[in-house]
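The structure appears right after this line, and notes come after that.
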Amino acid sequence: MSEGRGSASMNMVTVMISLLCLLFLAESINAETHIVGGAKGWTFNTKNWPNGKEFSAGDVLVFNYNSKIHNVVVVDKAGYTSCKTPAAAGYETFKSGNDEIKLESGENYFICNFPGHCQTGMKIFINAV
């Protein structure tokens with residue numbers, strides 16, 4: 001029994017779809033997961049935690065913290081520098097105590113916006129390449 005031309009083109013379509021799926025998954029396959037603050041988690045004086053580490057776009061940051069007294073807010077450079085998150089700016093706030101946030105390519109800024117926390121080093125800046 002021989003296969004017809006339709007069978008060969010169906011195999012080619014299957015191969016192409018498989019290759020496209022692999023391309024879309026490549027970023028997540030190479031992505032690393034980083035526990036922010038290490039064993040201490042997301043807490044005071046975490047500002048220097050990223051120093052000496054390498055981060056790539058698509059890597060995942062895991063923020064572990066007590067959700068009753070902390071949060072994680074994705075901010076821009078101005079929010080990071082000023083430790084402020086104006087409501088009008090539309091910053092994304094995480095409150096679960098175990099947040100997973102995927103890094104975007106370029107500069108990524110995170111703070112805790114509970115009063116006084118950012119000012120005591122509960123903020124990080126990561127440049128993901």
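Please treat every number below as a calculation from the coordinates, not as lab data. On a predicted model such as this, the values are computed, not experimentally measured, just so you know. Because the Cβ atoms are built from the backbone with ideal geometry, glycine has one as well, and the counts that use them run over all protein chains shown.
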Which lysines, if any, have their Cα less than 18 Å from the Cα of Lys95, not counting same-chain residues under 8 positions apart? Lys40, Lys68, Lys84, Lys123
Can you find, among Ile126, Ile101, Cys112, the residue farthest towards the positive end of the dipole of segment 51-129? Put +1 on the C-beta of Lys and Arg, -1 on that of Asp and Glu. Cys112
